């Protein structure tokens, strides 16, 4: 029988970039989005949104300082596959209507560029 060897591999801890925890709520442009409760509020108004509208609003809130192209919105929400060409426009229209009904200035369409969430403070 042989003696225990010192050649036994010890577990290796790999240190790499840490993942940031998912942001569970967003508050930008006067809108508060809670991703744990799936609620959206503007001022004292609670908005009733579909799952896709909520996803769309989340992306617009995350990127509120820039214009987001229709293609980028489509790829981030519906994936890169083919779907109806105007699906983003349809959901933007629905979300815009719900926001403006609540008193928010809404979403601006930038011709040939994309969309940007407006800030009521501007």
Residues of segment 90-122 satisfying the condition of being part of a helix (DSSP H, G or I) and surrounded by 14 or more Cβ atoms within 10 Å (Cβ to Cβ): 91, 92, 94, 95, 96, 98, 99
Residue selected from segment 74-89 under the condition in a helix (DSSP H, G or I) and in contact with a helix residue (DSSP H, G or I) (Cβ under 9 Å, 6 or more places away or on another chain), by the criterion nearest to residue 54 (Cα to Cα): 77
Positions within segment 13-67 being modelled with pLDDT under 90, over 26 Å from residue 87 (Cβ atoms) and within 14 Å of the chain's Cα centre (by Cα), in sequence order: 24, 25, 36
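The values are calculated or read from the model by the stated rules, or taken from the named source; none is laboratory data. Small disclaimer: the values here were computed from a predicted structure and weren't measured. All Cβ positions, glycine included, derive from the backbone under ideal geometry; neighbour counts span all protein chains shown.
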